[in-house]
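Asks: Have a look at this one before I ask anything.
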Amino acid sequence: MSFKRFLLSIALWGVAHGANAHDWILAVNEGVTYQDGGPIGERYKPLIELLQKELKHSIRVQAVDHYSDFEAGLDDERYDLVFIHPAHIGLRAVKSGKYFGLASAKDFTEYHARVMVKKDSPVKSISDLRGKKIGVPALESITTVMFTANLKEIGIHDPAAYYTATRYQDAVPFMVENGFVEAGVTGSGAVAKDWIAKGGRVIAETKSVPIKQFLASRKLTAEQREKVQELMLKLSDTEAGNAALKGMNMKGFVPWNEAVMADATKRLGL
């Protein structure tokens, strides 16, 4: 290789490296129960292409699986755009002023936790859970956070001392059915419906909280945030938008409801 070509290759590498360093990051966490399982880079490619076209800026998607890592990244403002399942983490980021809420997933605005017991259980209401063993999803799960807030509202302090946690909500009914716990909590409507069909009871439901939120960093201008919000709300109107929704395993988005989100933030004690 000639000296000139060597210098050119170094220069091109520097340009490419610099461009990559200035990519905006769309950070994604889809939760555990609802993960599609396909490669996130491929699934989110249609959305990335739409966002890049609208914002005139290179963007790359980054999966952030651990909630604690996501929360730390939000606190450090490492992400420019965010699609996040655990609502309490997203709400906390918005409350901090570092991020703006733009939209919520259309089919997940009424998400709530349900309390399951056996058919012959003496537990009749959520108040009867005082001192009882309770099966819950992971402690940092939005389902568990909602349930914990509900228990604290009725004066049950330090409820986590009675929890038995499992990574997957589908495993909670197993714990109840086999007597490992006296009640179980799930946010999955399908799990609760199956539990009732098998003869079990659902004795309580928490107030709902919209989950699966789309946020934008305060580093984006107001005009840029507005463009992103409009794009997300109109995805279902076009063929390209529907391809993006399919990759996200979503049906559409609705506008961020400031009053509803402020109430949820207060109820969850964030």
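Rule-based calculations on the coordinates, nothing more; no lab input. It should be emphasised that the depicted structure is a prediction, and the values quoted were computed from it without experimental measurement. When we count neighbours, we look across all protein chains shown, and the Cβ atoms used for this are built from the backbone with ideal geometry, even at glycine.
Asks: For ALA243 and ALA171, compute 0.36 nm times the residue count separating them, minus their Cα-Cα distance, and round to one decimal in nm.
Replies: Working: separation 72, 0.36 × 72 = 25.92 nm, distance 3.24 nm.
This chain segment gains 22.7 nm when fully extended.
Asks: Shifting gears a bit: For the pair LYS266 and LYS198, how long in nm is the line joining their label points, each one 7 Å along Cα→Cβ?
Replies: Computed distance between label sites LYS266 and LYS198 equals 4.0 nm.
Asks: Toward the positive end of the charge dipole of segment 114-270, about the Cα centre and with charges on Cβ (Lys, Arg +1; Asp, Glu -1), which of MET250, ALA165, LEU268 goes farthest?
Replies: ALA165
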